[in-house]
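Peer 1: Take a look at the following structure, please.
The values are calculated or read from the model by the stated rules, or taken from the named source; none is laboratory data. None of the values given here were measured: they were computed from a predicted structure. Please note: Cβ atoms are built from the backbone with ideal geometry, for glycine as well, and neighbour counts cover all protein chains shown. Heavy atoms of the whole protein, side chains included, go into the accessibility calculation; ligands, DNA and RNA do not. Shrake-Rupley method; radii C 1.70, N 1.55, O 1.52, S 1.80 Å.
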Amino acid sequence: MAATESGLVSYGSDSDSENESESRITPEKVEPDSIAHLQPLKSDSIMTLSLLNSAPEVAVKEDVETGVHLDPALKEVTYNPTFETMFAPEFGPVNPFRSQQMAAPRNMLSGYAEPAHVNDFMFEQQRRTFSTFGYALDPSVDTSQVSSTGYIGAIEEAEKNKGLTVFETGPKKSEKRRKVKGGDAADIDCFLGPWAKYQDEKDGAKPSEDEQKELDEITAKRQKRGKNEEEAPAEEKTILHIKDAYDYQGRSYLHIPQDVGINLRSPDIPDKCYLPKKQLHVWTGHTKGVSAIRLFPASGHLLLSCSMDCKIKLWEVYNERRCARTFIGHSKAVRDVCFNNTGTQFLSAAYDRYIKLWDTETGKCIAPFTNKKVPYCVKFNPDEEKQNLFVAGMSDKKIVQWDIRTREVVQEYDRHLGAVNTITFVDENRRFVSTSDDKSLRVWEWDIPVDFKYIAEPSMHSMPAVTLSPNGKWLACQSMDNQILIFGAQNRFRLNKKKIFKGHMVAGYACQVDFSPDMSYVVSGDADGKLNIWDWKTTKLYHRIKAHDKVCISALWHPHETSKVITCGWDGLIKLWD
């Protein structure tokens with residue numbers, strides 16, 4: 001206790017003495033913190049500062065050995081590394097599969113490209129020279145000291161051409177002028193004029209008299225042959241393939257057979273139709289693709305076909321299904337055929353620019369018609385009183401009307417802007433509808449050469465095949481955008497947007513469309529040789545049959561059979577489906 005008191009006394013004596021000294025210096029009372037920065041540091045304060053500064057000493061770049069790589073697993077670095085050190089590649093085992101080329105330094109995918117100062121023209125010149133002659137200047141060699149070793153590629157070719165580039169190999173202008181003038185360019189006296197011959201030019205030997213006669217004969221024959229082809233039609237002939245042209249009663253094959261049950265009742269009460277599913281018969285005889293097929297009017301017991309082999313054939317649809325007769329009379333492919341109302345005569349249109357009228361029973365060609373243009377389609381006027389008139393759509397944008405009795409053109413409908421593809425009679429044969437390559441549809445009054453209805457939309461395509469429905473109310477048009485469009489055929493000829501049949505590929509081909517007799521189905525071929533059958537009410541694609549190896553160009557539904565469809569294709573075959 002005494003010791004404690006003595007310590008307190010001593011502590012107090014010390015503080016008293018300090019206070020006395022401070023009071024001597026500054027008589028006023030001063031805060032100790034306000035003058036702490038003016039007093040010198042003591043040894044214990046210096047020690048405290050050294051303890052507070054605990055950051056590690058950082059080595060400078062010179063203290064670190066060069067070539068040191070950082071361990072990727074290292075999480076603490078005790079010095080400031082350079083960029084190269086931080087991003088240097090990791091050390092590891094050498095890849096034994098890496099080639100020397102791959103291990104070499106590269107600055108692009110194919111290797112190391114050294115910078116070279118070459119302008120664009122020089123680079124393109126050397127590139128073209130290398131691609132043409134196989135050699136080019138070596139860019140690593142000084143151009144002022146170019147020798148045979150200063151090239152890369154075909155060095156021998158470079159020595160042969162003396163290192164000329166593609167821009168320097170042409171003949172010099174002075175040499176050409178000297179050749180034309182026939183002497184030295186400097187010698188003005190030897191200039192022979194602008195029409196002078198070359199130095200090495202020789203006169204061709206003239207033919208002798210005999211050779212000249214032969215040449216004249218050949219030329220005359222060629223000219224005569226060309227005139228004959230233009231003026232005279234091909235020779236017509238016919239071949240009867242059945243044994244007897246007439247039966248024991250004197251009836252020809254045009255007579256409707258009585259033993260097959262053909263129903264010629266009114267089409268207002270058609271039977272219910274069904275989808276064809278199997279192949280029933282194949283008619284063979286054409287050597288090239290078939291262009292079109294037509295059934296005999298009313299009965300449909302005969303089938304007429306035209307082909308690219310320049311022939312027209314008449315086939316039996318019932319019984320033995322034989323080829324009855326062949327009609328030969330065109331020199332080029334036959335494009336279209338058309339029966340008259342009774343079927344006793346038919347027209348054929350071919351690429352030889354002729355339309356010919358034939359007798360169906362005898363096979364005789366009654367009359368040829370031509371206006372020196374290619375007919376694309378031909379149609380008799382279906383009116384009973386106008387069976388002597390027919391119209392044809394021509395390649396010169398016109399529809400031409402002929403009279404069979406006078407064999408002269410009696411009317412021309414010239415309003416289309418492209419070749420006419422189809423002609424279809426509507427409205428009880430008072431009007432007809434035509435389509436053309438100009439992507440339009442025009443409606444005409446008979447014998448009036450001005451169209452009263454013109455249908456053309458920017459979205460419309462060419463329609464090279466058109467069929468009238470059995471009830472006469474609709475026109476089915478095969479459009480080149482792989483659709484079948486339906487137009488009204490009575491008053492306004494409006495497009496029925498609810499009846500669009502899709503799902504087949506016909507772009508580029510005039511595939512004929514047809515209806516079933518009861519208006520239940522729509523049938524069409526396509527470019528793949530398939531027969532497509534749609535439902536009329538729902539426009540759904542019901543059935544698809546692989547009918548031909550090539551384009552199926554036409555499909556006909558027999559008017560008196562509930563499920564028989566006839567197709568023809570560019571494979572030269574005609575098939576019957578049931």
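Peer 1: Across segment 305-346, what is the number of residues that are over 15 Å from Y253 (Cα atoms) and β-branched (V, I, T)?
Peer 2: 4
Peer 1: Just need a number here: residues in segment 535-570 that are assigned to a strand (DSSP E or B) and within 17 Å of N471 (Cβ to Cβ).
Peer 2: 2
Peer 1: Restricting attention to segment 287-296, which residues are in a loop (DSSP other than H, G, I, E, B), open to solvent by 10 Å² or more (accessible area, probe 1.4 Å) and in contact with a strand residue (DSSP E or B) (Cβ under 7 Å, 6 or more places away or on another chain)?
Peer 2: Listed by number, the residues that qualify are K288, F296.
Peer 1: Next question. All but one of (1) closer than 21 Å to V391 by Cα; (2) open to solvent by 30 Å² or more (accessible area, probe 1.4 Å); (3) in a loop (DSSP other than H, G, I, E, B) hold for Y454; state the number of the condition that does not hold.
Peer 2: Tallying (1) closer than 21 Å to V391 by Cα; (2) open to solvent by 30 Å² or more (accessible area, probe 1.4 Å); (3) in a loop (DSSP other than H, G, I, E, B), Y454 fails exactly one: (3).
Peer 1: Quick check on my filter: what residues within segment 297-327 are open to solvent by less than 20 Å² (accessible area, probe 1.4 Å) and on the phi > 0 side of the Ramachandran plot?
Peer 2: G300
Peer 1: Would you check which residues across segment 460-489 are part of a loop (DSSP other than H, G, I, E, B) and open to solvent by 10 Å² or more (accessible area, probe 1.4 Å) and list them?
Peer 2: Hits for segment 460-489 are M460, H461, S462, P464, P470, N471, G472, K473, M480, D481, N482.
Peer 1: Looking at I574, I545 in this structure, which one is open to solvent by less than 20 Å² (accessible area, probe 1.4 Å) and more than 29 Å from the chain's Cα centre (by Cα)? Spell out the reasoning first.
Peer 2: Details: I545 fails: more than 29 Å from the chain's Cα centre (by Cα).
The unique qualifying residue is I574.
Peer 1: Something else: Given the structure, is W557 touching a Ser or Thr at 6+ places or on another chain (Cβ under 9 Å), aromatic (F, W, Y) and surrounded by fewer than 23 Cβ atoms within 10 Å (Cβ to Cβ)?
Peer 2: On the way: touching a Ser or Thr at 6+ places or on another chain (Cβ under 9 Å): yes; aromatic (F, W, Y): yes; surrounded by fewer than 23 Cβ atoms within 10 Å (Cβ to Cβ): no.
No: the conditions fail for W557.
Peer 1: Looking only at segment 307-336, count every residue that is more than 14 Å from G363 (Cα to Cα) and either in contact with a helix residue (DSSP H, G or I) (Cβ under 9 Å, 6 or more places away or on another chain) or in a strand (DSSP E or B) (or both) and tell me the total.
Peer 2: The number of residues fulfilling the criteria is 6.
Peer 1: Ok, one more. So which strands (runs of 3 or more DSSP E) stay within segment 373-445 end to end and still have 1 or more residues that are open to solvent by 10 Å² or more (accessible area, probe 1.4 Å) and farther than 28 Å from Y509 by Cα?
Peer 2: 389-394, 399-403, 408-413, 441-445
Peer 1: Being open to solvent by 20 Å² or more (accessible area, probe 1.4 Å), outside any loop (DSSP other than H, G, I, E, B) and not charged (D, E, K, R), is that true of even one residue in segment 345-358?
Peer 2: Yes, the conditions are met somewhere in segment 345-358.
Peer 1: Among what's in segment 107-135 and is open to solvent by 100 Å² or more (accessible area, probe 1.4 Å) and part of a loop (DSSP other than H, G, I, E, B), pick the residue that is farthest from E159 (Cα to Cα).
Peer 2: L109
Peer 1: Further question: Name, by its number, the condition in (1) surrounded by fewer than 23 Cβ atoms within 10 Å (Cβ to Cβ); (2) of a type outside the set (S, T, Y); (3) under 21 Å from L485 (Cβ atoms); (4) in contact with a Cys (Cβ under 6 Å, 6 or more places away or on another chain) that does not hold for G529.
Peer 2: (3)
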